[in-house]
Each structure stands twice: as C-alpha cells, then as structure tokens.
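Contents: one structure, followed by commentary.
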Amino acid sequence: MPNNYFRDGEVKVSPMQPPTYVVRRILRKTGSGATVSSYCTLDAILKFDCEETPCGVYNEIVALKLGQVLNVPVASGVLTNTMDGQTFASLQVGSPGLTLPDVLESQLPLVASTYPREAAALVAFDVLIGNIDRNNNLKAAVSSPHLRTFAAFDHGVSLLGIEDDPEQSLARLESDDLLLTFHPFFGLVAKVAVDVSVQRIAKLTKDQIEECCVFGKAFRGVSLARQLHLASALQKRASKLSAILAAHENLVRAQA
Amino acid sequence: MPGYRLIQFSAHPVYASPVNVGVLVWSGHEAYLKMLGIEDDASFRPHLYLHLAMGQQVAEEVLQEWSAWFQALTEDPRRLDEEGRRDLDRLAESGGPFSCANHGQIDCEQDDLSLVVEDLFQKCVLNNSTVRRLMLQDRLLQILEEIELAGLADTVIDAELELVPKKGLGTGLLYFPWFYRGDKVKAAIKLVDFDQDAVMVVQQVSEAMGAFDMALERKILTREECVVVASGDASQFSQYAKWLQSRAIVLDVADRIGTRSFFLQVLTKNAL
C-alpha cells in the first residue's frame, strides 16, 4: 500500500517511489570530493531507428519527456550515440543485478488493483500519445510487499509512429479517434482515476509540450517543422482528451 | 503433444553460466511448474538463487517477482501454446536473470504430465551437484527455521566448520558458535550428499571426518556436538556411513522430525 502523508491538514496520497534501475558494475571511485561517488555501468536496452519505426528514437525521447512532465510512471532512458548516430537507451528496471519480468496478461488485474493511479495515468497517457503497442511493455512488482515498482517502457510505436507515414500519424493525433483498439488496462481502471490524469494532461501548456517535442533543429529524420507540428497536434489532443475518452467510456473504464 | 521448457538462471548475462533451475510442462488446460525455491504451498525461498549467483549481488524481492511470474504463467495453460510461448522466448532477450533456452515436445499421455515434470526436474535440475548441495543446505535451513533458529540461516550456510582464531586456544581451531536469544549453542555441521557420484561422496566424507577428528582430538567439540546432515541413499556407502557415525551424530535430512528434535535438544541443553 502507498504511504499516505499529511500536508496542509489533508491526507495526501503518497506519490510512487521512483523505480530503481539495474546496476551492472560498480567501478572505481570518482576521486576526492564532498560526496561519495563511483563510476558504474547500468543495464539498458538500445533502441534504434529502423524501417518499421523510422522515428523510433525521437518518439522514445519525446514520450519520456512528456511522461516525466505528467508524472506518468515511464521507465527512464537516455540518448546515446552509436555508430548509427543517436539512439535511445532504455534503462532496465530492477534491483541490484536483476531485472524485473515484464507483466503477464494474467497479472494485469492484480497490477491494476495494486497500482490503480499509475494504471489510470498510463491509460490516459497512452491515449494521448497514441501508443498502440503497450501490450506487456510494463514492469510491476506484485508479490513483494517491500518492492513497489511500476514502470512502462517502449514508446517507439507512438506519436509519429502510429502510422507508417509520420504525416498520417500527425493527422490521426489531430483527429478525435481513440487510436487504441486495445490497452492492457482498458476495463481495469476507475473513471475517477482516469479523470484525474486527463485533467492533468489538459493543464499542459503550449510551452511545456513544445519543450518536450521541439529540439530547435532536426533530430535524426524528424525535421524542426515536423517537431512543431507534433507539438501542435498534441496540444489539440490534450485539450480534447476528456471528450475522446468519454466517447469510448465503455471500452476504457472499469464498470462500477 | 505436451510442450516443455527448461528454465535457466544466470546471475550475469556475460560472466555466469546458466544453471537449470526449473521445468515447465503444459498441455491443453494443464500446466505443471517445478522450480527451485518454489515450495508445494507456492511460497518461495530465494536463498538458493543467492548462492547460485556466486557473489553477484541479487535482490530477493526481484527473485520473488520472478517466482510469481512463472507461477502466473502456469495459471493460464492454454495461453502457453501461443502468447505464453512468446513471453518465454522473450526471456532470453531480456538480459536475464531467467531464460528458457531448451524446449520441445514430449510424447506422453496427459495423465502422466505431473510425473513427467518430476522426472525432468530430477534429470535436468537435480543432476547438478551444486544444485543438489544447495537443496540439502536449504532443507536443513527449513528445519532450523521451524525451530525458530531462522536468524542463524546465514551462519548455517557457511557451516563447514569455520576456522576461527580463538584467543587462548590458539589459532585455526574449529569453532562454530550459534547464538540464539542470548543462548550460546555450539555444534558443528557437515553436509554429505550420498546421491552424488562416488568421488564427491568420498571427498565430503573425508572432509567431515578430518574436521571432526581434529575437533575431537583437541577436545573442542564432543561427539554429540559433531553433526553430519546427510541426504540420499547411504546404503551404497555403508562403510563411510559407519565411519561418520563413529565420530559424529548422523542425521538424515529426509527425517525432518528426527533432525528437528535433535537440534531442539541441542538448544535445550545449551539454554541458560
């Protein structure tokens, strides 16, 4: 159970502890200083642009930034460089030395009841970015009382990757479509919890969205114009997300 | 035809060799999982994996999650033919710690599935001498935990008669203290698995006898404080068993009641 706390005379639901990531090796200390620090290596999965996801790296970094702004439990990642240029390194969620398993379909009801706010936030977020590939791309601890971890990963097939053509993807983001025909938490999340996340998304400002989407110059295959177009499309979608979800309420939310 | 998978554990994707730790067999609406650490009541004992990690730091909670994951997989046997199979395939790409490299189909009747999983587990998992030894240690630990010596678990893992320098008695003396609620219980435990191959059995027996001989000769331990916890069929090594009995109390780990009552007596005798 989350640890609730008092603030301004009210009981506040404690936010989640940030997930931890797998350290592979701890190396030498960095040297003298006020803090104790060491070099280390972390486990990560590298995501490259490919034929199926030509804007995959861009989609990953934008989804991560948006998720962090919205406090959606997405696994962290970083941009890095390989021979192929910039790639996205998705950090492996887990504890020392071990990664957590991906959630199984049969575990989803338990995950949704253990992490109701997080599951609802993820539904709203995935509908916002048009993530049609959530499936089991999710880590969640469900059987260890002391380990509270919920982290979603893999957002390469969203945003500009909804369709093969990025322009078509943008058009779909601008439409009133739900975009998703399936989501692991459809039917498992409460209306109230989804509404809270939708309200938070609706409050996103134009500047916040642009800071997540626009990098000031072309990023790999994504031109600056297209980045601005995505920011605009997301802003429109954020403002009408509530109506989009209301139109598909039977599919999305758990029945009372 | 029923399908099967061998479950392997590897604490490090590069340095550690995978060790067979479980078997999953399924057909139609039935699935059977036999895996190290998962007890009959579905509870999970992570200690075995901590030792298989061989020095790598691993989190018990994450192992617990993996145990739940494999058990959840078997709750929906029909899924194992398609989506579940893909879930298992993805394990190898996920960087561990578990993977399912070996798989195939078994020519057997549906009614025999539970027997097949036991047989596969015996052949593929328990044939590994390291695993067998860890199993023996863990069964002893379970007995000790039953008599509320749980806090000693870590000590017992290293219960190969530690050589601890002791002031006033010289160095290199055999001394294995247990501390329990302020009581001090002294005993020395050696593990002998009679189901190992003959060379391994001889090695274990000679180690135990050498250690106990020294302890008895130097009057550090009495015979009642020298304990061999054994598993497997000792009848093939009857002479070795006799030698051990001449120097130590020999307990069969399969005899849970007898083993438990012995350690209870030791505790009672040493109570303040």
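Where in the stretch A:203-256 are there helices (runs of 4 or more DSSP H), lying wholly inside it, with at least 1 residues that are of a type in the set (D, E) and in contact with a Leu (Cβ under 8 Å, 6 or more places away or on another chain)? In the stretch A:203-256, A:206-213 are the helices (runs of 4 or more DSSP H) which contain 1 or more residues that are of a type in the set (D, E) and in contact with a Leu (Cβ under 8 Å, 6 or more places away or on another chain). Looking across the stretch B:214-272 at every residue that is at pLDDT 85 or above and β-branched (V, I, T), the one that is surrounded by the fewest Cβ atoms within 10 Å (Cβ to Cβ) is identified as B:I257.
Results for (1) among the acidic types (D, E); (2) touching a strand residue (DSSP E or B) at 6+ places or on another chain (Cβ under 8 Å); (3) within 11 Å of chain B (Cβ to nearest Cβ), shown as yes or no for each residue.
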{"residue": "A:Q107", "(1), (2), (3)": "no, yes, yes"}
{"residue": "A:A112", "(1), (2), (3)": "no, yes, no"}
{"residue": "A:R117", "(1), (2), (3)": "no, no, no"}
{"residue": "A:A121", "(1), (2), (3)": "no, no, no"}
{"residue": "A:I129", "(1), (2), (3)": "no, no, no"}
{"residue": "A:L138", "(1), (2), (3)": "no, yes, no"}
{"residue": "A:A141", "(1), (2), (3)": "no, yes, yes"}
{"residue": "A:L147", "(1), (2), (3)": "no, yes, yes"}
{"residue": "A:F150", "(1), (2), (3)": "no, yes, no"}
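Filtered by the rule that a residue be within 20 Å of A:N137 (Cα to Cα), more than 7 Å from every other protein chain (Cβ to nearest Cβ) and of a type in the set (G, A, S), the stretch B:52-94 gives B:S67, B:G84, B:A92. Can you confirm whether A:N71 is within 14 Å of chain B (Cβ to nearest Cβ) and at positive phi? It is false that A:N71 is within 14 Å of chain B (Cβ to nearest Cβ) and at positive phi.
The set of residues in the stretch B:19-39 being in a loop (DSSP other than H, G, I, E, B), at pLDDT 85 or above and surrounded by fewer than 20 Cβ atoms within 10 Å (Cβ to Cβ) consists of B:E39 alone.
Limited to the stretch A:89-105, what total is found for residues that are more than 10 Å from chain B (Cβ to nearest Cβ) and not polar (S, T, N, Q)? If you could, list the steps in order and put the result at the bottom.
Looking only at the stretch A:89-105, we keep the residues that are more than 10 Å from chain B (Cβ to nearest Cβ), and these are A:89-91.
Filter again for not polar (S, T, N, Q), leaving A:89, A:91.
Within the stretch A:89-105, residues that are more than 10 Å from chain B (Cβ to nearest Cβ) and not polar (S, T, N, Q) number 2.
Exactly one residue out of B:R45, B:R132, B:R90 is modelled with pLDDT of 85 or more, within 22 Å of A:S95 (Cβ to Cβ) and basic (K, R), and it is B:R45. Of the residues making up the stretch B:66-77, not a single one is touching a Cys at 6+ places or on another chain (Cβ under 8 Å) and either buried (at least 16 other Cβ atoms within 10 Å of the Cβ) or small (G, A, S) (or both). A search for C-beta distances below 8 Å between a residue of the stretch A:146-172 that is within 18 Å of A:K47 (Cα to Cα) and polar (S, T, N, Q) and any residue that is assigned to a helix (DSSP H, G or I) and modelled with pLDDT of 95 or more, counting only pairs 6+ apart in sequence or on different chains, returns A:S158/A:N59; A:S158/A:A63; A:S158/A:D126; A:S158/A:I129. Is there a residue in the stretch A:153-168 that is among the aliphatic types (A, V, I, L, M), over 28 Å from A:C212 (Cα atoms) and more than 9 Å from chain B (Cβ to nearest Cβ)? Taking every residue of the stretch A:153-168 in turn, none turns out to be among the aliphatic types (A, V, I, L, M), over 28 Å from A:C212 (Cα atoms) and more than 9 Å from chain B (Cβ to nearest Cβ). Going through A:D43, A:D126 one at a time, which residue ends up being surrounded by 15 or more Cβ atoms within 10 Å (Cβ to Cβ) and either of a type in the set (F, W, Y) or at pLDDT below 95 (or both)? None of the others qualify; the one that does is A:D43. Only residues that are within 14 Å of another protein chain (Cβ to nearest Cβ) and in contact with a helix residue (DSSP H, G or I) (Cβ under 7 Å, 6 or more places away or on another chain) were counted across the stretch B:30-44, and they come to 7.
The values are calculated or read from the model by the stated rules, or taken from the named source; none is laboratory data. Just so you know, these numbers come straight off a predicted model, no measurement behind them. Cβ atoms come from the backbone with ideal geometry, glycine included; neighbour counts cover every protein chain shown.
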